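Q: I have a structure I would like to understand better, so I am pasting it below and will then ask my questions one at a time.
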Amino acid sequence: MIRRFEYRCWPDAIELSNDEVRLVVVPAIGRIMHYGFRKETNILWENPEWFGKILPKDGFFQEKGKPVWANFGGDKIWPMDQKDFGKVNGRDWPPDHWLDGGTHEAGLQDDCVIITSPVSRYCGARSIREIRLNPGGTRVSIKQTLEKVHAAADPRLEPIAHTIWNITQIRMPEQTLFNLNPKSKLPGGYKIYEEAPWGSENFFVDKKAGCFLPLATKWQKAGADSDFWLAAIVSQTAIAELFRLDESGQYPDGGISASVFTCPEYAELELMSPTACLLPGQKLHFEIAWEMKSLPPEAGNAEKRRLAALDWLAGRA
């Protein structure tokens with residue numbers, strides 16, 4: 001079922017639902033804001049400080065004359081590796097507001113919601129996301145396209161290495177899980193980011209999967225050249241983001257296809273497509289899917305929940 005309604009004071013939100021789950025897309029801020037079992041808590045993290053707000057016409061909010069990131073929460077994409085923000089966007093932070101926060105055009109096609117971002121004045125690209133909820137079960141399919149419409153604001157930067165960098169902010173998980181690549185080129189099959197060296201204390205391997213634990217007081221980040229899935233356990237629910245690794249592709253961030261960022265308020269599940277230097281008129285595609293699983297009541301501690309989740313995830317590889 002699909003309906004339009006007001007969500008968190010944003011008009012014209014679109015809800016997709018079946019007998020098990022509901023999903024809410026908010027075109028006014030260009031993202032998915034709700035994914036959860038019917039009548040249960042949202043798995044995605046939402047920032048109540050930004051409820052109902054829409055980016056101003058100049059594209060971003062300001063504080064003391066400086067741009068401020070509108071951290072709405074939910075799920076959205078970036079069009080390039082974060083290390084390239086400074087040269088393409090003219091600043092290292094916040095991200096490209098045309099894709100991350102800008103009002104998207106929305107359309108309905110059968111059982112599918114399609115949201116299209118404005119064309120970025122920085123990189124000259126726009127995103128097109130086709131979001132579909134299966135008639136039964138929890139599966140959400142997200143077909144994503146990055147289309148290069150024109151050259152970057154500074155054409156000397158072309159060709160820009162674009163990627164579809166998918167970022168899903170979720171409520172604070174108990175643990176996050178990586179499907180480690182047995183053919184990985186990374187030491188141990190994963191990477192702990194140098195900016196957060198304490199993360200190494202919270203990453204361990206169990207049943208050939210990487211387990212990354214959040215911290216209540218500091219931010220940390222880990223990544224891997226994973227295939228098939230990236231997952232988290234929130235309360236008694238496992239959420240999986242499903243994708244495929246292109247072994248012939250060049251991945252951003254030093255070859256990372258999946259990463260997790262955690263901070264005291266939330267965590268981010270991040271999936272990346274291979275990079276591509278797009279010319280105007282060319283497109284980059286990246287398809288992912290989400291699924292959820294209620295873990296059994298007898299999985300009463302972190303280890304049992306992890307084993308139950310890994311058993312479920314084994315069927316997704």
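Q: Consider residue 285 against the criteria (1) of a type outside the set (Ser, Thr, Tyr); (2) closer than 28 Å to residue 22 by Cα; (3) surrounded by 18 or more Cβ atoms within 10 Å (Cβ to Cβ): it satisfies all of them except one. Which criterion is unmet?
A: Just one mismatch for residue 285, condition (3).
Q: Still on this structure: Give all pairs with beta carbons closer than 9 Å in which a residue from region 62-86 that is under 17 Å from residue 158 (Cβ atoms) meets a residue that is hydroxyl-bearing (Ser, Thr, Tyr) and in a strand (DSSP E or B); count only pairs at least 6 apart in sequence or on separate chains.
A: As it stands, the answer is 79/127; 79/163; 80/163; 81/163, since those pairs meet every condition given.
Q: Considering only residues that are surrounded by fewer than 13 Cβ atoms within 10 Å (Cβ to Cβ), of a type in the set (D, E, K, R) and either touching a strand residue (DSSP E or B) at 6+ places or on another chain (Cβ under 6 Å) or in a strand (DSSP E or B) (or both), which ones fall in region 50-83?
A: Within region 50-83, 63, 66 qualify.
Q: Got at least one residue in region 175-193 being under 30 Å from residue 48 (Cβ atoms), hydroxyl-bearing (Ser, Thr, Tyr) and in a strand (DSSP E or B)?
A: yes
Q: Another question, then. I'm trying to understand the selection: among the residues of region 91-120, which are of a type outside the set (Val, Ile, Thr) and free of Cβ contacts under 8 Å to residues at least 40 places away in the same chain? Break it down stepwise before answering.
A: So the first thing to find is which residues in region 91-120 are of a type outside the set (Val, Ile, Thr), and the list is 91-102, 104-112, 117-118, 120.
Within region 91-120, 91, 92, 93, 94, 95, 96, 98, 107, 109, 110, 112, 118 qualify.
Q: On the basis of being of a type in the set (Lys, Arg) and buried (at least 19 other Cβ atoms within 10 Å of the Cβ), does residue 148 make the cut?
A: Numbers: of a type in the set (Lys, Arg): yes; buried (at least 19 other Cβ atoms within 10 Å of the Cβ): yes.
Here the answer is yes, as residue 148 does meet what is asked.
Q: Pairs under 7 Å by beta carbon, first residue farther than 23 Å from residue 140 by Cα in region 241-259, partner crowded, with 21+ Cβ neighbours inside 10 Å and small (Gly, Ala, Ser), six or more apart or different chains?
A: 251/257; 253/223; 256/223; 256/224
Q: Okay, next question. From 176, 217, 168, 163, which residue is more than 23 Å from residue 78 (Cβ to Cβ) and of a type outside the set (Lys, Arg)?
A: Values: 176 fails: more than 23 Å from residue 78 (Cβ to Cβ); 168 fails: more than 23 Å from residue 78 (Cβ to Cβ); 163 fails: more than 23 Å from residue 78 (Cβ to Cβ).
Going through 176, 217, 168, 163 in turn, just one is more than 23 Å from residue 78 (Cβ to Cβ) and of a type outside the set (Lys, Arg): 217.
Q: Go through 63, 49, 40 for me and flag whichever is farther than 28 Å from residue 277 by Cα and modelled with pLDDT of 95 or more.
A: Details: 63 fails: modelled with pLDDT of 95 or more; 40 fails: modelled with pLDDT of 95 or more.
The conditions single out 49.
Q: Let me ask something else. I'd like the residue in region 84-117 that is surrounded by fewer than 18 Cβ atoms within 10 Å (Cβ to Cβ) and farther than 19 Å from residue 24 by Cβ and, out of all such residues, is nearest to the chain's Cα centre (by Cα).
A: The residue in question is 93.
Q: Please find, within region 206-246, the residue that is surrounded by the most Cβ atoms within 10 Å (Cβ to Cβ) out of those that are over 17 Å from the mean Cα position of the chain (by Cα) and polar (S, T, N, Q).
A: 237
Q: With 121, 171 as the choices, which residue is among the basic types (Lys, Arg), surrounded by fewer than 21 Cβ atoms within 10 Å (Cβ to Cβ) and either in contact with a Pro (Cβ under 7 Å, 6 or more places away or on another chain) or under 28 Å from residue 315 (Cβ atoms) (or both)? Walk me through how you get there before you give the answer.
A: Details: 121 fails: either in contact with a Pro (Cβ under 7 Å, 6 or more places away or on another chain) or under 28 Å from residue 315 (Cβ atoms) (or both).
Sole residue among the options that is among the basic types (Lys, Arg), surrounded by fewer than 21 Cβ atoms within 10 Å (Cβ to Cβ) and either in contact with a Pro (Cβ under 7 Å, 6 or more places away or on another chain) or under 28 Å from residue 315 (Cβ atoms) (or both): 171.
Q: Give the residues of region 247-272 that are buried (at least 18 other Cβ atoms within 10 Å of the Cβ) and hydroxyl-bearing (Ser, Thr, Tyr), sorted by residue number.
A: Selection gives 251, 257, 259, 262, 266.
Q: Tell me, please, whether a residue that is at pLDDT 95 or above and more than 25 Å from residue 223 (Cβ to Cβ) can be found in region 158-181. Before you say what the answer is, go through the steps one by one.
A: To start, the set of residues in region 158-181 that are at pLDDT 95 or above comprises 158-181.
Still in the running and more than 25 Å from residue 223 (Cβ to Cβ): 158.
Yes, some residue in region 158-181 is at pLDDT 95 or above and more than 25 Å from residue 223 (Cβ to Cβ).
The values are calculated or read from the model by the stated rules, or taken from the named source; none is laboratory data. Computed from a prediction, not measured in an experiment: that's the story for all the values here. Glycine gets a Cβ as well: all are built from the backbone with ideal geometry, and neighbour counts include every protein chain shown.
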